[in-house]
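The values are calculated or read from the model by the stated rules, or taken from the named source; none is laboratory data. Small disclaimer: the values here were computed from a predicted structure and weren't measured. Backbone-built Cβ (ideal geometry, glycine too); neighbour counts: all protein chains shown. For the accessible areas, the whole protein counts, side chains as well, though only heavy atoms, and no ligand, DNA or RNA atoms are used. Shrake-Rupley method; radii C 1.70, N 1.55, O 1.52, S 1.80 Å.
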Amino acid sequence: MPDFDLTEEYQDLSDTVRDFADEVIAPVSAQHDAEHSFPYKVIAQMGEMGLFGLPFPEQYGGQGGDYFALALALEQIARVDQSVAITLEAGVSLGAMPVYRFGNEEQKQQWLPLLASGEALAGFGLTESEAGSDAGGTKTTAVLENGQWVINGSKEFITNSGTDITRLVTVTAVTDTVTEPDGTFRKKISTILVPTDTPGFTAEKPYNKVGWNASDTHPLTLTDVRVPEANLLGDRGRGFANFLQILDEGRIAIAALATGAAQGCVDESLRYAKERQAFGAAIGTYQSISFKIARMQARAHTARLAYYDAASRMLAGRPFKTQAAIAKMVAGEAAMDNARDATQIFGGYGFINDFPVARHYRDSKILEIGEGTTEVQLMLIARSMGL
């Protein structure tokens with residue numbers, strides 16, 4: 001039977017990050033959310049702790065850990081601040097991980113030490129206005145001219161793409177088209193490294209989002225952006241397959257983040273239910289409240305087991321695509337359902353942004369959308385069953 005108890009090393013990491021989240025991140029979360037400001041000081045401290053280098057080898061400036069270590073850190077941070085958690089998740093799994101998975105040695109040496117230190121961030125330029133769940137609808141193009149890729153197009157909803165410390169965005173672009181036997185054309189997509197100081201690269205005005213207000217999200221415009229041919233990441237025409245792998249892994253990380261959000265709602269609701277008095281007793285003594293919190297705990301526990309399972313399969317080199325989809329869906333729904341229930345338990349205070357449950361209520365909806373909608377996860381699960 002599988003053993004889901006954490007080893008001492010994993011437990012120490014989880015406890016350390018939990019303490020940091022409670023003592024450093026939580027006290028400034030409401031302010032950054034209200035101001036829509038990026039928490040540079042918090043991110044710098046996380047870099048000093050080595051969190052951005054958790055899954056990377058020491059030879060590239062990492063901590064020599066693994067993806068599960070990253071997931072544990074994300075869960076603990078997301079309990080108190082999803083914006084900070086998604087900054088770490090996107091910075092590692094979407095920003096640095098493509099370089100580690102598909103980069104050549106020169107690219108790894110150039111970028112990974114900087115990204116693993118947390119001194120710089122990278123984004124993953126995949127989504128477009130007509131290419132989200134249907135990533136094959138990519139319209140951004142890259143044409144090879146005189147030893148340079150000339151890139152034109154636009155991207156939407158790109159995390160970590162416009163901060164003062166953003167240095168790189170990996171862009172997906174159509175580099176070739178092939179003619180199928182039936183006469184139709186099929187796009188071949190490649191991934192290309194684009195330093196953010198390249199002329200023609202523009203991070204447009206940040207979005208005015210419903211939640212994740214302290215995270216950095218921009219549309220991007222690429223106008224005759226020229227980078228060296230050597231900036232091709234991985235094999236030409238393999239970008240579609242490569243980013244599908246990145247998204248499969250990323251769903252484990254997002255599931256861990258969502259689990260943390262779900263658990264954060266449990267923790268806040270439990271505390272409040274013991275303190276809040278109504279009709280002469282703590283509201284937690286009433287079955288309508290205690291049962292609601294019990295169901296919230298069950299959701300968080302189930303979500304945790306789901307991402308633990310997916311992560312263990314990934315680290316063992318076993319197929320994990322379906323388990324990652326299940327974990328992402330279950331955890332995302334747990335976060336949203338728990339946020340809704342927590343807001344109800346808090347009553348009017350649950351509608352005040354100074355309270356963490358209100359921020360979770362606004363933040364959690366995107367967990368059913370980003371890095372693959374719930375519907376996409378259901379499609380992947382059904383497909384794995386032969387449907």
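So which residues in segment 363-387 are open to solvent by less than 60 Å² (accessible area, probe 1.4 Å) and either of a type in the set (S, T, Y) or over 24 Å from I252 (Cβ atoms) (or both), if there are any at all?
Result: S364, T373, T374.
Yes or no: segment 252-269 includes at least one residue that is part of a helix (DSSP H, G or I) and open to solvent by 30 Å² or more (accessible area, probe 1.4 Å).
yes
Table: residues versus (1) assigned by the TED database to the domain that holds V171; (2) open to solvent by less than 60 Å² (accessible area, probe 1.4 Å); (3) on the phi < 0 side of the Ramachandran plot; (4) more than 23 Å from the chain's Cα centre (by Cα).
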| site | (1), (2), (3), (4) |
| --- | --- |
| K188 | yes, no, yes, yes |
| V194 | yes, yes, yes, no |
| T198 | yes, yes, yes, yes |
| E204 | yes, no, yes, no |
| N208 | yes, no, yes, no |
| D216 | yes, yes, yes, no |
| D224 | yes, no, no, yes |
| E229 | yes, no, yes, yes |
| I246 | no, yes, yes, no |
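Which condition number does G250 fail, the rest of (1) touching a Pro at 6+ places or on another chain (Cβ under 8 Å); (2) closer than 17 Å to L70 by Cα; (3) not aliphatic (A, V, I, L, M) being met?
The failed condition is (1).
Which of the strands (runs of 3 or more DSSP E) found entirely inside segment 90-172 contain at least 2 residues meeting this: of a type in the set (A, V, I, L, M, F, W, C) and surrounded by fewer than 19 Cβ atoms within 10 Å (Cβ to Cβ)?
Passing ranges, in order: 141-145.
For segment 314-359, how many residues meet the condition of being within 21 Å of I254 (Cα to Cα), open to solvent by less than 30 Å² (accessible area, probe 1.4 Å) and of a type in the set (S, T, N, Q)?
Number of matching residues: 1.
Could you list, in sequence order, all residues of segment 270-301 that are farther than 21 Å from F351 by Cα, open to solvent by 70 Å² or more (accessible area, probe 1.4 Å), without any contact (Cβ under 8 Å) to a residue 40 or more places away in the chain and part of a helix (DSSP H, G or I)?
T285, Q287, F291, Q297, H301
Kindly indicate whether any position in segment 318-330 is touching a helix residue (DSSP H, G or I) at 6+ places or on another chain (Cβ under 6 Å) and on the phi > 0 side of the Ramachandran plot.
No - not one qualifying residue is present in segment 318-330.
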